[in-house]
């Protein structure tokens with residue numbers, strides 16, 4: 001056999017033996033790794049047995065109370081914003097004119113708003129509607145969380161529902177006010193339309209949160225859930 005062919009055969013045989021040795025070492029290392037993992041798992045399980053883990057950490061009273069407090073703060077901020085800015089129509093303009101023969105509180109509130117803005121009505125209404133929308137969305141999310149809390153009590157749910165209902169009433173007042181102001185100023189535009197649409201959607205989500213809280217309270221009171 002020529003030297004280079006014989007050398008190649010010897011070299012290939014050596015490489016085969018080396019590869020087989022590497023495979024054996026790899027298998028042994030894998031087995032060692034599995035054994036080590038099993039030991040670590042066993043140690044972890046024994047540690048858990050010695051000191052049980054509280055699997056209800058995410059469902060105990062603290063998170064529910066935190067959500068409830070945040071919900072009430074957000075609902076209060078929403079009502080305060082709308083009340084302090086005067087975004088409420090109050091009386092119906094047409095009925096007031098028919099009965100009293102003069103401009104209503106609604107007319108004066110809208111006029112005050114339009115007289116006080118320093119930008120175009122479309123921009124002002126778009127900006128203010130977005131402010132209400134942001135807080136409304138936040139309140140809706142928190143309301144849903146409160147309704148789904150595992151340890152919710154009937155009294156707490158009643159308090160949450162009252163907060164959401166108060167916020168919802170304020171949002172609907174603001175929505176009607178913005179609509180009346182836009183009609184009075186003949187304001188329009190894509191951004192204003194989108195802002196009003198977003199506000200309407202946020203209002204619906206808050207209404208759904210109120211429904212969820214009411215349904216959960218009924219279920220708790222009647223023992224359907226705990």
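Below are the figures for this structure:
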{"read-out": "Odd one out for residue 46 among (1) assigned to a helix (DSSP H, G or I); (2) at pLDDT below 90; (3) within 28 Å of the chain's Cα centre (by Cα)", "value": "(3)"}
{"read-out": "Options 202, 212, 219, 187: the member that is assigned to a helix (DSSP H, G or I) and within 29 Å of residue 124 (Cα to Cα)", "value": "202"}
{"read-out": "Region 119-148, subset touching a helix residue (DSSP H, G or I) at 6+ places or on another chain (Cβ under 6 Å) and farther than 18 Å from residue 205 by Cβ, residue surrounded by the most Cβ atoms within 10 Å (Cβ to Cβ)", "value": "125"}
{"read-out": "For residue 152: the one exception among (1) assigned to a helix (DSSP H, G or I); (2) surrounded by 22 or more Cβ atoms within 10 Å (Cβ to Cβ)", "value": "(1)"}
{"read-out": "Scan of region 105-135 for residues that are outside any helix (DSSP H, G or I) and without any contact (Cβ under 8 Å) to a residue 24 or more places away in the chain, ordered by number", "value": "117, 118, 119"}
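The values are calculated or read from the model by the stated rules, or taken from the named source; none is laboratory data. All values derive from a computational prediction rather than experimental measurement. So basically every Cβ, Gly included, is an ideal-geometry build from the backbone, and we count neighbours across all protein chains shown.
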